[in-house]
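Asker: If you scroll down you'll find the structure; I have some questions about it.
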Amino acid sequence: MAKIIKKHSALERECELWKNKGKSDLTKALVFFIIAIVLGAFCVLGAGLSLAFPVLSVVFVIIFFILAVCLIASVIFLIKVLYYYNRAKILALGIKGENRTADIIADLPEGYYGFQNLNITYQGKKSEIDLVVVGPTGIFVIETKNRNGHITGKYEDKEWTQHKIGRGGTPYSSNFYNPVKQVGTHIYRLAHYLRENGALVHIDGAVYFSNPETTIAVGTAESAIPVFAAGKGGEKALKKFILSAQNRPSPNTLLKAYNLLLKL
């Protein structure tokens, strides 16, 4: 089996950030709610005193005001908690998709290596690459997308479209940056990094939609960067793409590239 070398991804860092924000605001919501309960209990128990001592009515008005503020604050923080946890859930799905793709690469024969979540900076611009595969058949950049629904677009388009059915049964669409172009950018920056450090090597690329519920219709134009979908035998097709590649570098070049990737 192939070996996977995993870095901590931006998705994981962001997911953890949203979770921590959610935990923090959940604590704040509970604190305000507890304060409101205590003040409410105090008002109920001391209601008779305000009748016996009218001067205390001003104090109870102030307490009621603070109670209301605490309740409003707890509701606001709970709304924020729901938003934060929803963001974390979405990111967690993306992480799951990346790991699905990494599992496919791990199933390649011994001698292949998968570098997960590599950061490349070239000319001041940064790319985080989901997967870089190094093996006897060459070097490959794999971009993973966990979007579901039906994906449409053309290889030359700037954006593709995701078509889905909402929870209420209403269809809707959203656009996202063309992942083929994204892979092209990753290849450009990675190739220059390797070349400038003495490893002149051809790099292939592919896009993999890892969600099994995804279908794709991205035109018929020929592209050096193929697109695969898990629901249409994409797992086997992706492995075949890697194993049957013809741009096979020399063992020395592969070793040099491997060592350079380890430094990232």
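Asker: Open to solvent by 30 Å² or more (accessible area, probe 1.4 Å), on the phi < 0 side of the Ramachandran plot and not in a strand (DSSP E or B), is that true of A88?
Answerer: No.
Asker: Looking only at region 190-239, count every residue that is in contact (Cβ under 8 Å) with a residue 24 or more places away in the chain, under 30 Å from K256 (Cβ atoms) and more than 22 Å from the chain's Cα centre (by Cα) and tell me the total.
Answerer: The qualifying residues number 13.
Asker: Would you check if G22 is within 39 Å of the chain's Cα centre (by Cα), at pLDDT below 90, open to solvent by less than 30 Å² (accessible area, probe 1.4 Å) and among the small types (G, A, S)?
Answerer: No; evaluated as a whole, the condition is false for this residue.
Asker: Please verify whether region 118-133 includes one or more residues that are of a type in the set (A, V, I, L, M, F, W, C) and free of Cβ contacts under 8 Å to residues at least 40 places away in the same chain.
Answerer: Yes, the conditions are met somewhere in region 118-133.
Asker: Considering each of G138, G114 in turn, give the residue that is on the phi > 0 side of the Ramachandran plot, in contact (Cβ under 8 Å) with a residue 12 or more places away in the chain and in contact with a strand residue (DSSP E or B) (Cβ under 7 Å, 6 or more places away or on another chain).
Answerer: Answer to the selection: G138.
Asker: Only one of Y113, Y122 is modelled with pLDDT of 95 or more and open to solvent by 10 Å² or more (accessible area, probe 1.4 Å); which?
Answerer: Details: Y122 fails: modelled with pLDDT of 95 or more.
After ruling out the rest, the residue left standing is Y113.
Asker: While we're on this one: Cβ-Cβ under 9 Å, sequence separation 6+ or interchain: first residue in region 25-50 and under 13 Å from F64 (Cβ atoms) and at pLDDT below 70, partner open to solvent by less than 90 Å² (accessible area, probe 1.4 Å) and of a type in the set (S, T, N, Q). Which pairs?
Answerer: Once the first residue is under 13 Å from F64 (Cβ atoms) and at pLDDT below 70 and sits in region 25-50, its partners that are open to solvent by less than 90 Å² (accessible area, probe 1.4 Å) and of a type in the set (S, T, N, Q) give S50/S57.
Asker: Can you go through I216, I225 and tell me which one is in a strand (DSSP E or B), at pLDDT below 95, among the aliphatic types (A, V, I, L, M) and open to solvent by less than 50 Å² (accessible area, probe 1.4 Å)?
Answerer: Result: I216 is the single residue among I216, I225 that is in a strand (DSSP E or B), at pLDDT below 95, among the aliphatic types (A, V, I, L, M) and open to solvent by less than 50 Å² (accessible area, probe 1.4 Å).
Asker: Can you name every one of the strands (runs of 3 or more DSSP E) wholly within region 140-211 that holds 1 or more residues which are touching a His at 6+ places or on another chain (Cβ under 8 Å), open to solvent by 40 Å² or more (accessible area, probe 1.4 Å) and small (G, A, S)? Talk me through it step by step, then tell me what you get.
Answerer: On the way: elements: 149-152, 159-165, 171-177, 203-209.
Filter on region 140-211 gives 171-177.
The values are calculated or read from the model by the stated rules, or taken from the named source; none is laboratory data. For clarity, every value in this text was computed on a predicted model and none was experimentally measured. Note that we place each Cβ from the backbone using ideal geometry, even for glycine, and neighbour counts take in every protein chain shown. Note: areas computed on protein heavy atoms with side chains; ligands, DNA, RNA excluded. Shrake-Rupley method; radii C 1.70, N 1.55, O 1.52, S 1.80 Å.
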